[in-house]
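Some notes on the structure that comes next.
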Amino acid sequence: MDLQALVRKYALQNAVMYDGRANLGAVLGKVMAENPDLRSRAKEITSLAKEVISEVNAMSPDSQRSSLEDVAPELLVKESRPKDLELPDLTDVTGEVRMRVAPNPSGPLHIGHSRMAILNDEYVKRYGGMCYNRFEDTDPARIDPAGYDSIPADLEWLGVKIHKTVFQSDRFELYYEVSKRLLEIGKAYVCTCRPDDWRELKNAKKPCPHREQDLSDQLARWDRMFDGTFGQEEVSLVVKTDLAHPNPAIRDFVALRIDETPHPRTGTKYRVYPLMNLAVAVDDHELDLTHVLRGKDHINNTYRQEYVFDYLGWKMPVYIHYGRVSIENAQLSTSKMSTGIREGKYTGWDDPQLGTLSALRRRGVRPEAIRRYWVETGLKEVDIEFAWKTLHSFNKDLIDDSSNRYFFVDDPLKLRLESPADLTARVPLHPAHPERGTRELEVPKGGSVCLSRADLPEKGGRLRLKNLCNVVHDGDVLRYDGNDLGVLKEGVQVVHWVPEAAIEAEVLMTDGSTRKGLAERGIVAAKDASVQLERFGFVRVEQVAPTVRCVFTHR
């Protein structure tokens, strides 16, 4: 038994799995578990392990991983034990629940939108009932008609079950009916003040001159809202609240206004449009929702909508507010994304630079990873920052086992390999699945290999070509230097390479750049699949001819 090799492989595994720092106790535990007879030599083994761990911890993370790939690739696969977490129970559940997702069809869904969709879906599946997809499309200027198709596709990809879809643009007559009822019971008024003047009075806790006018005057202005008398910003229907409320945002709010913008679905049929707080309150009642999940940024809206429910004697759903989530390092603004697409900055809504669900799908991120992320995040009321690293870790748990391995060399340099005979590297398609077979990479005597310029040492420097042989850089050539793995103990760098018969490949990165290079020819068998380009990262193979094109997933 090579005791040093045994300790070294477990030290490398522990370092790779835990941010480059092997732990003495963990390594000793693995060694003793494999060879219980060594327990009687614990003092000797501990001394040896300290020496080996010191050497391993001094290596770079890339060198640790490369060394482990060479000596024990099967140890690279980390057993995944997802935590058995679930969302807290909903309050006031008396049977089945009725919940909703409420997208604005201004563009496709992005990673932030997925939180509401997944959490609603989780609760409907737990308690039974139904989940509506309610298109909140009452702002015609902000609608992208493509959203009516892309959003259902995004929800389906997420695994969110939608039982019924409704469109607020189909429900204008209902909003008018409720608005007139509020007007008739003295809980709303038709205002023709200039918007800035009305807002100034409200902020000063003062009523506008129309607030307490006779109903007959109110109804006359109501009729003129619809006959073309007024233009945009010349009239609005306002719901009364408490003008003395300490929060100016809760004081009287606009429920209807004029908008001359043609609607993608209804054209010019309507020009009196409901605002969000009226339409949401009416629909949450009419759809008989039991529970509504929304972010903390909607708390003021909840207070406004409560007035409508109280005035009309409606029972409110249970409104649950979770903390805001800030999402860095991804473009999420629909308007900026749309402008970027028009200007050629982005190739489309699925550009890898974007945080849309279609971009994540294109990159090879699995919807199950997104679901796990939001379930583990839960309904916390505290504000949080989205952790891409955590999502990537969850996704790696899902794709690592199915992702075959291939070599990829970016910015390649071709060098002749001076060897005494033909050489063949036999590399497992996956270190944990020998049944999948191997990739055989052949280098004939006098043939060439390609490796990254960044990996080439100065003249006289030594390298190990992974799974092939050791070499010395000798100017324009690489000189064969045996195949002894002992060079790894001397700190010789392990590098990836491809035969000169490799094929052109490129990887679209999340920063908008494209990494061009060469890949093993076997990668053409992985079209549409997630694979790991060793030492580079996980990618999804999008195209295999005429050039292999991959989309970067994550490290």
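Quick notes on this one:
- Taken one residue at a time, the phi angles of segment 387-392 give Karplus couplings (6.51, -1.76, 1.60, θ = phi - 60°) of 9, 4, 4, 5, 4, 5 Hz. Gly and Pro are set to x.
- The chain: angle of helix 42-57 to the longest principal axis, Cα-based, in degrees nearest 10: 70
- Taking each of 445/516; 43/396; 336/516; 161/389; 414/445; 205/380 in turn, the alpha-carbon distance tops 26 angstrom for 445/516; 43/396; 336/516; 161/389; 205/380.
- The alpha carbon centroids of segment 535-555 and segment 487-524 are separated by 11 Å.
- Whole-angstrom gap from segment 422-477 to segment 385-399, using each part's C-alpha centre: 31
- Karplus 3J(HN,Hα) series, Hz, for segment 188-203 with 6.51 cos²θ - 1.76 cosθ + 1.60 (x for Gly, Pro): 8, 8, 9, 10, 10, 5, 5, x, 5, 5, 4, 5, 5, 5, 4, 5
- Efficiency of FRET from Cβ geometry, residue 328 and residue 393, R₀ 22 Å, rounded to 0.05: 0.80
- Positive end of the dipole of segment 386-544 (Cβ unit charges, origin at the Cα centre): among 513, 425, 470, the Cα lying farthest that way belongs to 470.
- Segment residue 501..residue 17, full-extension length gain: 170.8 nm, with 0.36 nm per residue of separation and the alpha-carbon distance subtracted.
- Once the C-beta distance of residue 223 and residue 347 is scaled by a Förster radius of 51 Å, the resulting FRET efficiency is 0.50 to the nearest 0.05.
- Cα long-axis angle, helix 61-71 against the chain (0 to 90 degrees, to the nearest 10): 50
- Beta bridges by DSSP in segment 405-554, antiparallel share as percent, to the nearest 5: 75
- Long-range HN-HN contacts of residue 35 with modeled amide H, under 5 Å: none
- The charge dipole of the chain, taken about the Cα centre with unit charges on the Cβ atoms of Lys, Arg (+1) and Asp, Glu (-1), comes to about 540 debye, rounded to the nearest 20.
- Entry note, the chain: the mean residue ellipticity at 222 nm calculated from DSSP H runs of n ≥ 4, each adding -39500 (n - 2.57), is -10000 deg cm²/dmol after division by the residues and rounding to the nearest 500.
- Subtracting the Cα-Cα distance of residue 33 and residue 545 from 0.36 nm times their residue separation leaves 179.5 nm of extension gain.
- Each of 394, 407, 135 has some number of other Cβ atoms within 10 Å of its Cβ, and from fewest to most they run 394, 135, 407.
- Virtual spin-label span in nm between residue 149 and residue 384, 7 Å along Cα→Cβ: 3.5
- Sites excluded, GluC sites (Glu not before Pro) in DSSP loops with at most 11 other C-beta within 10 Å, longest stretch of the chain: 97-211
- Top positive-direction residue, dipole computed over the chain with Cβ charges, set 537, 258, 22: 22
- In order through segment 106-120: 3J(HN,Hα) via Karplus (6.51 cos²θ - 1.76 cosθ + 1.60), integer Hz, x for Gly, Pro: 8, x, x, 6, 10, 4, x, 4, 5, 4, 4, 4, 5, 5, 4
- Sites residue 50 and residue 402, calculated FRET efficiency, Cβ-Cβ separation with R0 41 Å, nearest 0.05: 0.60
- The alpha carbon centroids of segment 91-115 and segment 118-157 are separated by 6 Å.
- Between 335, 287, 244, the Cα set farthest toward the positive side of the dipole of segment 219-366 (charges on each charged residue's Cβ, about the Cα centre) is that of 335.
Since every read-out is calculated from the coordinates, none of them should be taken as a lab result. Note that the structure is predicted; figures quoted are calculated from it, not measured. Because the Cβ atoms are built from the backbone with ideal geometry, glycine has one as well, and the counts that use them run over all protein chains shown.
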